[in-house]
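Below is one structure, written out as structure tokens, with a few remarks after it.
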Amino acid sequence: MRAINPIGTLWMNGSTLKVRFMGGNASQKAIAREQAQWWTEHANLKFEFGTDPNSDIRISFDANDGAWSYLGSQAKEIPTNQATMNLGFLDGGTAGHEFGHAIGLAHEHQNPAGGIQWNEAEVIRVLAGPPNFWDEATARHNVINKYAANQLNDGTVFDPDSIMLYFFPREWTTNGIETKANEVLSALDKAFVAGAKMYPKTGPVVDNATLIKVNDAKRTSAEIGKPGEEDLFKFKASTAGTYTIETRGNTDVFMKLFGPNSQTSVIAEDDDSGLATNARIARPLIPGEYFIQIRHFNQKLGTGKYSITVKKN
Ligand SMILES: [Zn+2]
């Protein structure tokens, strides 16, 4: 598998993501909608375009601000009056590229497997000019800096056809690497987002998350059988109070809590607050339905059995 997804940026598999336009004309919006669907044909996600002020993805069309997007669920950290994506231009597959970021894909040229050796001075010089006008820090953030292997959900092979790759000429590198303009999803882009590491249509989805009974005397058992697998649980908080969600077992799991009545609003995340390397989240919650996502801390190697409980004090 190819393409790269930084750990911690995935939406829950099967999520419906609300998208709100902040400006833009009819033709700009039509292009954005059309290219967003390039991904949902393959990934187990849906985009719902509307006017909800709390939309997960918010798109501005500021012609002076280039084209950019936050990565996946990092968008939830942005105040809801601010855009999480800007489409300052829409040439070719630009909106498709930015929606790739919005579902959690990083730049393919920042894949450590690419082996690109940048001519840093040249890259910084060109990107300081139109249409980007980036300062050096931004050029390094978007182009030059590579991810470390342990920051990635995957990324072993470089995909020269990925829509997540920038077009750049040979002068930008010192080892002869250049790229062509990729205006559509590559075969590997499609396969990766539909695969087990991202949004498989056959994987556990939020609509059939395993129900946990609050204060159930019997622990709910589960197992992460394959590296990168996610388990999804849900519970109902029928009254307000402090709820404690906790895992037990010998496996180092990572927990995320979403809600109320939302598959995309992250309330808390935890790695090791429980016993040994177990996860534990205790939070005052209002009544509603909540979702819990469990994955292994080490997505490349981690598997194992564990159990989970939800208790209300
Ligand atoms: Zn980009």
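The values are calculated or read from the model by the stated rules, or taken from the named source; none is laboratory data. Predicted model, so just to flag it, every value in this text is computed and none were measured. Don't worry about glycine lacking a Cβ; one is built from the backbone with ideal geometry, like all the others, and counts go over all protein chains shown.
Remarks
- The selection criterion, being without any contact (Cβ under 8 Å) to a residue 60 or more places away in the chain, crowded, with 17+ Cβ neighbours inside 10 Å and in a strand (DSSP E or B), holds for ILE281.
- Candidates ALA194, ALA148, filtered to the one that is of a type in the set (Gly, Ala, Ser) and farther than 20 Å from GLY14 by Cβ: ALA148
- All of (1) in contact (Cβ under 8 Å) with a residue 12 or more places away in the chain; (2) exposed (fewer than 15 other Cβ atoms within 10 Å of the Cβ) hold for SER273 with one exception: (1).
- Residues of region 109-127 that turn out to be in contact (Cβ under 8 Å) with a residue 12 or more places away in the chain, out of contact with any helix residue (DSSP H, G or I) (no Cβ under 9 Å at 6 or more places or on another chain) and surrounded by fewer than 21 Cβ atoms within 10 Å (Cβ to Cβ), as a count: 2
- When region 191-234 is limited to residues that are polar (S, T, N, Q) and under 23 Å from ASN278 (Cα atoms), the one that is surrounded by the most Cβ atoms within 10 Å (Cβ to Cβ) turns out to be THR220.
- So THR94, is it surrounded by fewer than 20 Cβ atoms within 10 Å (Cβ to Cβ), modelled with pLDDT of 95 or more, within 12 Å of the ligand (Cβ to nearest atom) and under 21 Å from the mean Cα position of the chain (by Cα): yes
Rundown of residues vs (1) basic (Lys, Arg); (2) within 21 Å of GLY8 (Cβ to Cβ); (3) in contact with a helix residue (DSSP H, G or I) (Cβ under 6 Å, 6 or more places away or on another chain), yes/no style:
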| position | (1), (2), (3) |
| --- | --- |
| LEU165 | no, no, yes |
| VAL184 | no, no, no |
| ALA222 | no, yes, no |
| LYS226 | yes, yes, no |
| PHE235 | no, no, no |
| ILE245 | no, yes, no |
| MET255 | no, yes, no |
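- Some residue of region 79-91 being crowded, with 23+ Cβ neighbours inside 10 Å, within 16 Å of the ligand (Cβ to nearest atom) and either in a loop (DSSP other than H, G, I, E, B) or of a type in the set (Ser, Thr, Tyr) (or both): yes
- Restricting region 149-190 to residues that are assigned to a loop (DSSP other than H, G, I, E, B), aliphatic (A, V, I, L, M) and surrounded by 15 or more Cβ atoms within 10 Å (Cβ to Cβ), the residue that is farthest from the ligand (Cβ to nearest atom): ILE177
- Looking only at region 256-313, residues that are among the polar types (S, T, N, Q), under 18 Å from GLU223 (Cα atoms) and out of contact with any strand residue (DSSP E or B) (no Cβ under 7 Å at 6 or more places or on another chain) come to 3 in all.
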